[in-house]
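First comes the structure, then the notes that go with it.
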Amino acid sequence: EIVDGNAKMTLGMIWTIILRFAIQDISVEETSAKEGLLLWCQRKTAPYKNVNVQNFHISWKDGLAFNALIHRHRPELIEYDKLRKDDPVTNLNNAFEVAEKYLDIPKMLDAEDIVNTARPDEKAIMTYVSSFYHAFSGAQKAETAANRICKVLAVNQENEHLMEDYEKLASDLLEWIKRTIPWLEDRSPQKTIQEMQQKLEDFRDYRRVHKPPKVQEKCQLEINFNTLQTKLRLSNRPAFMPSEGKMVSDINTGWQHLEQAEKGYEEWLLNEIRRLERLDHLAEKFRQKASIHEAWTEGKEAMLKQKDYETATLSDIKALIRKHEAFESDLAAHQDRVEQIAAIAQELNELDYYDSPSVNARCQKICDQWDVLGSLTHSRREALEKTEKQLETIDELHLEYAKRAAPFNNWMESAMEDLQDMFIVHTIEEIEGLIAAHDQFKSTLPDADKEREAILGIQREAQRIADFNSIKLSGNNPYTSVTPQIINSKWERVQQLVPKRDHALQDEQSKQQSNEHLRRQFASQANIVGPWIQTKME
């Protein structure tokens, strides 16, 4: 029939060959041959707009389905978005030319024949489309093989990455453990509670922020190690052996050391904070007591050193002694505070307070000042008591002086009155009586002078005691207004009046003697003339 030129039979034989060797072996899911090829086309062109493959004739008439198949497998060969549904010839020629040039699929169809035919030949289109299937199916098998190789390589690369990640993660984790353990084992106390609270806050940050990720890293490291070993075992590869010192057991050992170092660290921090709080409380208590004591002692040394008793009277000195006794009582009451200050300072030293040097210096200053105050208090008491005794002696002398000066002053005033008293006498006997009385007065002057000297001696003795003991007497004798100056002044006046009285009495005596002589003369003459007158009268 071929020789006879029977076209129908010849074409039928060719179609049978094509169907047997190009189409019959096509299998997609549970369909084969024509249905399988149609399903394959539908699957590949489903994502493309304006393409709806339902058969092997009209669905391919606009050329978009051919372009979609090529673009789905080789997107770099077709610019699908630039194709237009209303230009089927261009679309078909583009697909045929690209398939022939790049996919080695011969151009079996003619674009104009397909466009100009109401129903394109199904067998021809099916035959041409099967060429696409076989072209892309072979590529897909090669791609599958390549994918398998890539998958093996990817698994190997993944394993290599897991090994590298394990090594890096193990190194980082061990380094972190190595760096953290000394920090947790450090038990050196800080000086202030603020610094210890910062350490506590850092530790809590470690527990809350820094450690949890490391716990996760440790767990992930163990998971990665086990996963890697499983993958290697499944792929018949040798087990992974980490670098020396980076085994899971090494990490677990390091983690145990970390936990041991962490154990008790927070408790130590809290105990240390409580210790520092007690120290701060003691230090504040020390400062308060020291400040109160220093405020109390302010001006006390100057008060104890003052020599106000040197110018004080006896009543003043007694008041000063009473005031000093009150101060001594106050001083004794403060003894307990000084002892408390010293005890607190000692406790701060025993508890290793960071600022102990300044505490010790302040405490020593307070104790030294306390010793000085005690010494000054004792010295002032002695000085006050000594001055009191001296002022009492001076007071007794002043009293004695007053008791003797007053009558002596009265005596001198009376003597001055007597020495200045005018006298009127008529006879020699009267003047002689006055002279005798005056002589009697003069005979008492030596004793009076001795009395004056004794009185002035009392005053001098009081002044000597005051000068010797640096006592500044406040003024005149409190018991009398008669001063030594008054006594001396009046004594001088008496001394001056005595000779004047002598002269006056002597002059009066001479005068009375003259008068007595005249009286006698007159009396003798009267004895002669008297009888004569009587005779004449008779």
Exercise. Does Ser470 meet the test of being in contact (Cβ under 8 Å) with a residue 40 or more places away in the chain and hydroxyl-bearing (Ser, Thr, Tyr)?
Worked result: yes
Exercise. If only one of Ile458, Ile487, Ile465 is assigned to a helix (DSSP H, G or I), within 24 Å of Gln420 (Cβ to Cβ) and open to solvent by less than 30 Å² (accessible area, probe 1.4 Å), which one is it?
Worked result: Ile487
Exercise. Hey, His378 hits all of (1) surrounded by 14 or more Cβ atoms within 10 Å (Cβ to Cβ); (2) assigned to a helix (DSSP H, G or I) but one; which does it fall short on?
Worked result: (1)
Exercise. Failed condition for Ala361, given (1) modelled with pLDDT of 90 or more; (2) crowded, with 16+ Cβ neighbours inside 10 Å, with all others met?
Worked result: (2)
Problem set entry | Neighbours by Cβ (under 7 Å, 6+ apart or cross-chain): first from segment 66-83, under 14 Å from Phe136 (Cβ atoms); second open to solvent by 10 Å² or more (accessible area, probe 1.4 Å) and basic (Lys, Arg) | Leu69/Lys44; Arg72/Lys44
For this session: Could you tell me which of the residues Glu301, Glu262 is over 30 Å from Asn476 (Cα atoms) and modelled with pLDDT of 85 or more?
Result: Glu301
For this session: Would you check if there is a residue in segment 187-203 being under 21 Å from Ile251 (Cα atoms) and in a helix (DSSP H, G or I)?
Result: no
Exercise. Within segment 289-318, which residues are assigned to a helix (DSSP H, G or I) and farther than 20 Å from Ser470 by Cβ?
Worked result: Lys289, Ala290, Ser291, Ile292, His293, Glu294, Ala295, Trp296, Thr297, Lys300, Glu301
Exercise. Looking at segment 422-431, is at least one residue in contact with a Phe, Trp or Tyr (Cβ under 7 Å, 6 or more places away or on another chain) and at pLDDT below 90?
Worked result: no
Seminar exercise, completed: Reported set for segment 314-351 where residues are touching a residue at least 60 places away in the same chain (Cβ under 8 Å) and within 30 Å of Ser188 (Cα to Cα) is Ile344, Glu347, Leu348, Leu351
Exercise. If we scan segment 449-457, do we find a residue that is modelled with pLDDT of 90 or more and under 30 Å from Asn515 (Cβ atoms)?
Worked result: no
Problem set entry | Residues satisfying the stated conditions in segment 264-310, i.e. among the hydroxyl-bearing types (Ser, Thr, Tyr) and exposed (fewer than 13 other Cβ atoms within 10 Å of the Cβ) | Ser291
Exercise. Looking at this structure, is Lys101 closer than 22 Å to Leu11 by Cβ and loosely packed, with under 15 Cβ neighbours inside 10 Å?
Worked result: no
Problem set entry | Filter result (of a type in the set (Lys, Arg), touching a residue at least 40 places away in the same chain (Cβ under 8 Å), assigned to a helix (DSSP H, G or I) and closer than 26 Å to Lys151 by Cβ) within segment 207-262 | Lys231
Exercise. Is it true that some residue in segment 144-160 is modelled with pLDDT under 75 and charged (D, E, K, R)?
Worked result: yes
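The values are calculated or read from the model by the stated rules, or taken from the named source; none is laboratory data. Given the structure is predicted, the values throughout are model-derived calculations rather than measurements. Reconstructed Cβ throughout: ideal geometry from the backbone, glycine too, with neighbour counts over all protein chains shown. SASA here: full protein model, heavy atoms, side chains in, ligands and nucleic acids out. Shrake-Rupley method; radii C 1.70, N 1.55, O 1.52, S 1.80 Å.
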